[in-house]
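Beneath this line is the structure, given in structure tokens, with notes to follow.
The values are calculated or read from the model by the stated rules, or taken from the named source; none is laboratory data. The structure displayed is predicted, hence computed values, not measured ones. Positions of Cβ are generated from backbone atoms using ideal geometry, with glycine treated the same way; all protein chains shown enter the neighbour counts. In case anyone asks, the SASA skips ligands and DNA or RNA and just uses the protein heavy atoms, side chains included. Shrake-Rupley method; radii C 1.70, N 1.55, O 1.52, S 1.80 Å.
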Amino acid sequence: MTKPVLLTVDDDAEVLRAIERDLRRKYASQYRVLRAESGAAAMEIVRELKLRNNPVALFLVDQRMPGLSGVEFMAQAIELFPEAKRVLLTAYADTDAAIAAINEAGVNHYLLKPWDPPEENLYPVIDDLLEDWLAEFPPQFEGIRVLGNRWSPESHNIKDFLARNHVPYQWLDIETAETDSEVGALIDLIDEEEKQALPLVIFPNGLRLRRPTLSDLAENVGLRTRAAEAFYDLAIVGGGPAGLAAAVYGASEGLRTVMVEREAPGGQAGMSSRIENYLGFPSGLSGGDLARRAVVQARRFGVEILSAEATGLRLDGPYRLLKLADGAELSCHALLVATGVQWRKLNAPGVERLTGAGIYYGAAMTEALSTKDEDVFIIGGANSAGQAAMYFSKYARRVVMLVRGSSLSNSMSQYLINQLKETKNVQIEFNSSLVEAHGENHLEAISIHCSSTDEVNRAPANSLFIMIGAAPNTNWLGDIIERDDRGFILSGPDLMRDGKRPKGWQLDRDPGLLETNVPGVFVVGDVRHGSIKRVASGVGEGSVAVSFVHQYLSKVI
Ligand SMILES: Cc1cc2nc3c(=O)[nH]c(=O)nc-3n(C[C@H](O)[C@H](O)[C@H](O)COP(=O)(O)OP(=O)(O)OC[C@H]3O[C@@H](n4cnc5c(N)ncnc54)[C@H](O)[C@@H]3O)c2cc1C
């Protein structure tokens, strides 16, 4: 925990040094002792402490100072730190003023100078006050704080990135400034330029990033953004279940392994609120938990996890060179593509414009708290939509699922259908599709077409989550890797046409299982043509692929 601050202020340098020395001697192990030579300089420190969210336990301030007097300083400082205890230092002649100050600035105590010996005249008073302060002091949040607007897509992306990378943060919604004193105080402290460039990310060490990119954020929260080595035996693109499994097996079997992930390890599974059908977890587990455990396991075996986006592939003899979004390139002998899929976009007026401002693709769990006591709409009829409905039903007043078909039985597991039926605040609207999203700066209403009555109805809505199938993340592979007409990567026997090997294939064997049309480039998980879209199958393929990688490496090296 950050040590709470004891701030002492006096314009007499000698007195200031003496009191600082005495405070440090007794309290330095538990508190941070800071000093200032004027009320104005002390206010600067107080503002910075507030911005960093550092707690202040005590102000010990001289009354007679040029500029701000002790009482005037305290009156300003307690607006930012109302719980801090206040002690006024006075000369004998000032005692009347000091007594008056007890009423005016809520001063807890006044001390006469000199206070020697401190064991008798200083420490007992301060001990008492600090004991009281500790008893009342609410445990404070000490991590990163994000100040922004609920309806801003940039704020959503930052929250989502931090949450999925398991970085604790506190969300401060600027729209609550009038009702939440903490948000109000923070807004008064930041400068005009920062107010115009929200979201603002404030780190405990005082660093403030305005509208940071995810890569800036990654760097500052301690994620690795640059490869440590120039060459790896195995590079994996994508950190979903398939990529993570391959990383764990690869590194545990002695391969120098790097895993490149552009958002957060866990992939789609990381966005699942409850996976109930993964072997070995009878009461289910959240995708976030699964991802966190897998990352720990991968790191333990020495996998290097890079927070970066792969943007291209280049071949150079036996080397496979991966281009990254920041222009860097890393080289490997075997490459495993595990880039999974992302949500298909819904094409209806208003949707693109309001994405991130009330409309989200996927379950966007970071938005759950904001939907408290509201109606939430979910489009989709597969397991992911069912899980999301169950998850939001714990927060929202009502969850309405809009399903295009007339039943869920072909698209959703029976256990989820049963759970939805039993949940009172979930309502399923069949034969329904979205035709338009409305709203100026954020989603305000949606128009829904019902195919059985052919009617269009408009419903007020603040939150809409779209989960309507998926498209593979393969554009970055250019025309080097063969795909089917929907973009899924072909591998093994699927590459053979009329008994012929793929174009350009030069080895005297057919492409192996999970191997693409380029020897040494393998594909696993949802991005593979013909894959079963499940966590377990991705994990299985990722693990199995590593033995094919070994077979391949035994011939090229
Ligand atoms: C909400 C939801 C609930 C689900 N529930 C279940 C369930 O209960 N049971 C079950 O078995 N399955 C479930 N699934 C399906 C399961 O999550 C997927 O089948 C599984 O995650 C696929 O794993 P994958 O590793 O192949 O790909 P993904 O999980 O899609 O991971 C791919 C990763 O690659 C990254 N990536 C993509 N392109 C690049 C690039 N160019 N550079 C760097 N990184 C890149 C992505 O950011 C992503 O992290 C669910 C899916 C969703 C969305």
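Here are some notes:
- In order along segment 387-401, phi translates into HN-Hα couplings of 4, 4, 4, 4, 5, 5, 4, 7, 10, 6, 5, 8, 10, 10, 9 Hz, rounded to whole numbers, per the Karplus curve 6.51 cos²θ - 1.76 cosθ + 1.60 with θ = phi - 60° and x for Gly and Pro.
- Phe203 versus Ser409: modelled label distance in nm, points set 7 Å from Cα along the beta carbon direction: 5.7 nm
- Spatial offset of segment 510-549 relative to segment 151-187 amounts to 39 Å, using the alpha carbon center of each.
- Highest mean first, the peptides 416-426, 80-90 sorted by other C-beta atoms within 10 Å per residue fall in the order 80-90, 416-426.
- Which of Val303, Gly284, Gly254, positive extreme of dipole for segment 225-306 (C-beta unit charges): Gly284
- Distance from the C-alpha centroid of segment 487-508 to that of segment 8-56: 72 Å, rounded to the whole angstrom.
- For segment 22-80, trypsin sites (Lys or Arg not before Pro) are listed when DSSP marks them as loop and at most 16 other Cβ atoms sit within 10 Å of their Cβ; the list is Arg64.
- Solvent-accessible area per residue, Å², over segment 407-557 with all protein chains present [probe radius 1.4 Å]: 52 Å²
- Antiparallel bridges, percent of DSSP beta bridges restricted to the chain (to nearest 5): 35 percent
- Surface exposure of segment 1-103, expressed per residue as accessible area with a 1.4 Å probe, stands at 44 Å².
- Dipole magnitude (debye, nearest 20) for segment 210-336, charges at Cβ of Lys, Arg, Asp, Glu: 220 debye
- Considering only Pro519, Ile417, Pro472, and ranking their Cα positions along the charge dipole of segment 399-557 that arises from unit charges at the beta-carbon of Lys, Arg, Asp and Glu, the one farthest toward the positive end is Pro519.
- In this rough spin-label picture, where each label sits 7 Å from Cα along the Cβ direction, the Glu48-Glu175 distance is 3.5 nm.
- Asp22, Asp180, ranked by accessible area, largest first (probe 1.4 Å): Asp180, Asp22
- Tail beyond 18 Å, pair distance distribution of segment 76-160 (Cα, percent): 62 percent
- Percent accessible area from carbon and sulfur atoms, the chain, protein chains only, probe 1.4 Å: 49 percent
- Size of charge dipole - segment 1-116 - debye, nearest 20, with Cβ of Lys, Arg +1 and Asp, Glu -1, no other charges: 660 debye
- Note on the chain: dipole from Cβ charges, positive end direction compared against Ala84, Ala536, Pro460; the farthest Cα belongs to Ala536.
- Using a probe of 1.4 angstrom and keeping all protein chains present, the accessible surface of segment 264-316 works out to 49 square angstrom per residue.
- The calculated Kirkwood hydrodynamic radius for the chain is 27.3 Å, given to one decimal from all distinct C-alpha pairs.
- In this view, the solvent-accessible surface of His550, computed with a 1.4 Å probe and all protein chains in place, comes to about 60 Å².
- This model, with +1 at the C-beta of Lys and Arg and -1 at the C-beta of Asp and Glu, gives the chain a dipole about its Cα centre of some 2740 debye.
- In whole angstrom, segment 258-393 maps to an equivalent ellipsoid with semi-axes of 32, 21, 13, each derived as √(5λ) from the alpha carbon gyration tensor and ordered largest first.
- DSSP beta bridges fully contained in segment 400-532 are about 80 percent antiparallel.
- Counting only lysines at least 8 places from Lys394 when in the same chain, those with an alpha carbon closer than 18 Å to its own are Lys372, Lys421, Lys424.
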